[in-house]
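Novice: Let me begin by handing over the structure; questions about it come next.
Laboratory data are not the source of any read-out in this text; all were calculated from the coordinates shown. Since we're looking at a predicted model, the values are computed, not measured. Cβ coordinates were reconstructed from backbone atoms using ideal geometry, including for glycine residues, and neighbour counts include every protein chain displayed.
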Amino acid sequence: MTANELNAFEDEINAFVGREVCPPTPAKDDVNTAMIRQWTEIIGDTNPAYTNEAWAAKSTRGKSIAPPAMMYVWGQEGFAVTTGRPADAQADLVSLFNKHGYTGVLGTNVKQEYFKEVSPNDNVVMEMVIDNISERKTTGRGPGYFFETLSTFTNQHGEKIGTQRFKVLKFIPQEQPAAPAAEDTLQVPTRIASPRGHDNKWWWDACDAGKVLIQRCKSCQTLRHPPRPMCGECQSMEWDSIESTLDGEVLSHTELHHPKIPGYQYPLVCAVIRLGEGTNIVSNVVGCDPSAVHIGMQVKGKVEQVDEKTMLPQFYPASSGIRS
Amino acid sequence: MVANVKDKAVIVGIGNTKFSKESGVSELSLAVQAVKAAIDDAGLKPSDIDGMATFTMDTNDEIEVARALGVGELTFYGRSHYGGGAATSCLHQATMAVATGMAETVVVYRALNGRSGHRFSGGVAGDITTADAIHWGWYMPYGLLTPASWVAMFTERWMHNTGVTKDALFEVAHSTRVYGANNPAAFFYGRSFDRAEYDAARTIASPLQLFDCCQESDGGSAVIVTTPERARDLKQPGVSVRGVAQCAADNQEQMTSFYREEFAGIPEMERAAENVYAMSGLTVDDIDAAVIYDAFSPIVLWQLEAWGFCGNGESGDFVLDGALRTDGRLPTNTHGGQLSEAYIHGVNGIVEATRLVRGTSVNQPAKDVNHALVTSGVGIPTGGAILGKMN
């Protein structure tokens, strides 16, 4: 993903902050002793304030209460979740992440706050919003974003009984199958890097630092790319380099459709570009519709971070006014 | 300067395995099956073989093939590099060995599980720092890492320069598949194919679509080369190597020679053609049929120009006149080519060119085939050969 694409993606996800996932919705069932009994049995909570009516009647409250941690239980859909439910903002956000390769999901933490107790025959009303989305983070599971929903619970009198914050990490799984897949949407972490040896490491190191260099023979000044240890014109092994301005012209191009290689974003256009300095370079043309790329097109390059690990020159239509 | 080895080596045996998408056997098994078939075709015994030539890409060591077959002693073994560019280079090696007496009877073989094993369409990758791996490193990070993508880059520019259209690519794809549909050994056997299916197929790397691309295949092919003296005593009519050459041209890369002043061309094949004609004393008019390396449809067009069947930029019109069809000027890829028989890296093409001269192709043209051309893959160091009836 280019920096521009990343910015566009982040604008899209950040537009979800503040959006309602569900409006204030009364639970289908009132707080009741049967669900309290089952929940506490499973949790192993034997507090008589929840399940011993006789004990609770004599307590300071004068009646039993629901465990506060059950707050989120009352608004659960029940069997309806298995038969599908209408899309909401959270589902839309999740599918947007999935579409861009952030297919991994991990619930990272839940934080509840309690303000008021409820008892059998009360009704719990829940509403939920997408509260915040983090910056892009590098995590052990892969690069991704944390998003947090905020649920607010009230009783039938409109009194706030508690809140719940639920944080989820959506990430690009780091361990992907190596084989190319037919899925149009498959995304994996990084592009295949060039191996670096004596003859090319300096070039890629400069690229990492944001520069595209062109090797120049110190003896006869001939420029050459890709780099080689000897000048084919005068056989000198002495060389230095100049930095390209990355002004170029497309000599040929192809849009790669199949197979989709893990780690690359599609649509993907490769081109042979003649640089203003006179040497040719293979790179990507980005920043326009693939069908707009043509032989003779003037382009302007810029070294960009295209994924977590990779810096590459990327070429834009010169008409877009981008600066390297 | 090119040494003259005209008619000093003769193809006397050919063999193919069954072609499939999943052989279920090792590549070594395919290799020895193909070589055995060629030995049987020639009427030889395994112990008659004393030389071997194959691809650097082939995984089957000569000594493994020799032991498995019971060949015994080898006095020549040579490998040729550059993928499909090695097809006729192996024949070149075998011819030189036989002509110089380094060996008397050399088998050329290539066997691969190209579909069920390593697939070329999977692309290149690597973290070793050989010069070759570093070369791929100028393309991998950008996603230009499959054979189709490299050929697409040349094709786009070549079509732009010449005005040749997809009509010509379709004619290559179609005429070849008409042959394949009639070849029981071909993947395409019994199938129909038309322009609508061609146009509707998915794009692989623009402008190449599915039917512009060859078949990923499991299989093996072999041919046996020996001296004219020996050939006269054998079962099959000899098919003589009139001329054979290989060439790597100036500023050559493997599939990515993008740094030439004008890169939409194959100067290495032009030079190889010149040398084959010089060696054989033949001209383009002497060639009656051809097997032209067809990993992708456009590369057939470029080679027609390189071998002088038409002028530069005229191959589109040449094929659209029906030249490649069975009654055309140059019946080509009569086995169905690698587009529709199988992709055995061009060695199945040497097998078919031999059949054309013998007169035994399943799609044998009605006219006499005195000379057949066979070529190697292009975009890489390449070459070709002219085969003719043994005198």
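Novice: Jot down the per residue volume, in cubic angstrom and as a whole number, of the convex hull over the alpha-carbon atoms of the range A:272-324.
Specialist: 88 Å³
Novice: Separate question: With springs only between Cα atoms under 10 Å apart, run a GNM on chain B and tell me which of B:111, B:148, B:200 wobbles the most.
Specialist: Sorting by GNM fluctuation, first place goes to B:200.
Novice: Sticking with this one: Once the Cα atoms of the range B:146-204 are picked out, what are the Rg and Dmax in Å?
Specialist: Just the Cα atoms of the range B:146-204 yield Rg and Dmax of 13.4, 39 Å.
Novice: Chain B: percent of C-alpha pairs farther apart than 31 Å?
Specialist: When all Cα pairs of chain B are counted, 30 percent exceed 31 Å.
Novice: Amide H to amide H under 5 Å from residue A:247: which residues, 5+ apart in sequence or cross-chain, H placed 1.01 Å off N in plane?
Specialist: Hits under the 5 Å cutoff: A:276, A:301.
Novice: Whole number please: convex hull volume per residue of the Cα set in the range B:66-176, in Å³?
Specialist: Hull volume over Cα atoms, normalised by residue count, gives 210 Å³.
Novice: With everything on Cα atoms, drop me the angle between helix B:297-306 and the longest principal axis of chain B, reported from 0 to 90° to the nearest 10.
Specialist: It works out to around 70 degrees.
Novice: Let me ask something else about it. Taking the Cα atoms only, what angle lies between the long axis of helix A:89-99 and the longest principal axis of chain A, rounded to 10 degrees?
Specialist: 30 degrees
Novice: Return the long-range amide H neighbours of residue B:307 (sequence gap of 5 or more, or a different chain), with a cut-off of under 5 Å between placed amide H atoms.
Specialist: none
Novice: Out of all Cα-Cα pairs in chain A, roughly what percent, to the nearest whole number, are more than 25 Å apart?
Specialist: 65 percent
Novice: Follow-up. In chain A, with Lys and Arg counted as +1 and Asp and Glu as -1 at Cβ, which of these residues, A:257, A:82, A:144, has the Cα nearest the positive end of the dipole, that is, farthest along it?
Specialist: Result: A:144.
Novice: When the label point is put 7 Å from the Cα of residue B:131 along its Cα-to-beta-carbon vector, which residues of the range A:239-265 have a backbone N closer than 18 Å?
Specialist: Residues passing the 18 Å test: A:239.
Novice: Quick check: the distance between the Cα centres of the range B:329-391 and the range A:280-324, to the nearest angstrom?
Specialist: 43 Å
Novice: Let me ask another. Using just the alpha carbons, could you tell me how many Å³ per residue the convex hull of the protein assembly as shown encloses?
Specialist: 198 Å³
Novice: Rounded to whole Å and sorted largest first, what semi-axes of the equivalent ellipsoid does the C-alpha gyration tensor of the range A:201-320 yield via the square root of 5 times each eigenvalue?
Specialist: Its equivalent ellipsoid spans semi-axes of 27, 16, 13 Å.
Novice: Please list, in order along the range B:155-160, the HN-Hα scalar couplings obtained from phi with the Karplus expression 6.51 cos²θ - 1.76 cosθ + 1.60 (θ = phi - 60°), rounded to whole Hz, x for Gly and Pro.
Specialist: So the J values, rounded to whole Hz, are 5, 4, 6, 5, 5, 4.
Novice: Against the longest principal axis of chain B, how steep is helix B:267-280, in degrees 0 to 90 to the nearest 10, with axes from Cα atoms?
Specialist: 40 degrees
Novice: Mind putting together the pair-distance distribution for the range B:282-391? All Cα pairs, 10 Å bins, whole percent per bin, short to long.
Specialist: All Cα pairs, binned at 10 Å, distribute as 16, 53, 30, 2 percent.
Novice: A further question on this structure: Among B:142, B:189, B:109, which one moves the most in a GNM of chain B with springs linking Cα atoms closer than 10 Å?
Specialist: B:142
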